[in-house]
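Chemist: Quick one: this structure, given as structure tokens, is what I'll be asking you about.
The values are calculated or read from the model by the stated rules, or taken from the named source; none is laboratory data. All of these numbers come straight from a predicted model, not from anything done at the bench. Positions of Cβ are backbone-derived with ideal geometry, glycine not excepted, and every protein chain shown enters the neighbour counts.
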């Protein structure tokens, strides 16, 4: 893996760490939005394009929301290869369900970033929401992209479903805060820890938070107001990857999701939704983590299991 420095690619460790040996996620670099009143980025059909990895839980959120909001015919998608090595995300098409770069026929995701800003200094991540009119990146932060999709195109699609309703926002934000720091990012903090103390601290927080979510789901189908919301979308992409990848590969092995009564029921229920099932690709998920993280799995052996709960 690596990053762009003034538009030039420099190889570096994918797992950036702080002085205590803990994983330190780099903030995203493009944070604009789309709205009818925006001076630059207005909602239009076939104007925007989404770059994703099926392996990536952050990108998976955006694919789910794109399905839920009937945006498939409005926003195209390019899918990178699951293998992310020294050159970063690539558009190799030798793995099933990859598409290549549908807009520019580039070889590497970093080249798309440089098209947006030839002097950019940034990590090269997915998802990326691209504007074909202005030839630039609108946003590369998944939590913001799903909110763009939730409202920006409503008048064009006629889809008024709201997964971040006003009456539930404070509670959704509260749950998101717990889930992001201790579960979504917690699995990475555990798996990429470079000291025992960093691992111990973060894996403990991870399972304390999973235990708390298990309690929240007692007698409930969803996390907030017993209504399917953004909070569920943000959590489920991590849960789907937990038993196949994070439990073993990231040493998050105190328990499996399968071992939780409520969390396993909840994950299976959400997976049965077409918007989630149709955008989940376990082959990409298992391949990416075990093949790409050579410091964790230096021989790049791809495991045969486990069987999923579904």
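Chemist: Consider residue 175 carefully, then state whether it is surrounded by 15 or more Cβ atoms within 10 Å (Cβ to Cβ), over 25 Å from residue 288 (Cβ atoms) and touching a strand residue (DSSP E or B) at 6+ places or on another chain (Cβ under 8 Å).
Modeler: yes
Chemist: Let me ask another. Quick one: which helices (runs of 4 or more DSSP H) lie wholly within segment 212-310 and hold at least 3 residues that are surrounded by 19 or more Cβ atoms within 10 Å (Cβ to Cβ) and in contact (Cβ under 8 Å) with a residue 40 or more places away in the chain? Walk me through it before giving the result.
Modeler: On the way: elements: 230-241, 261-271, 274-277, 282-292.
In segment 212-310, the matching helices (runs of 4 or more DSSP H) lie at 230-241, 261-271, 282-292.
Chemist: Something else: Taking residue 251 as the residue in question, decide whether it is at pLDDT 95 or above and at positive phi.
Modeler: So residue 251 passes the test.
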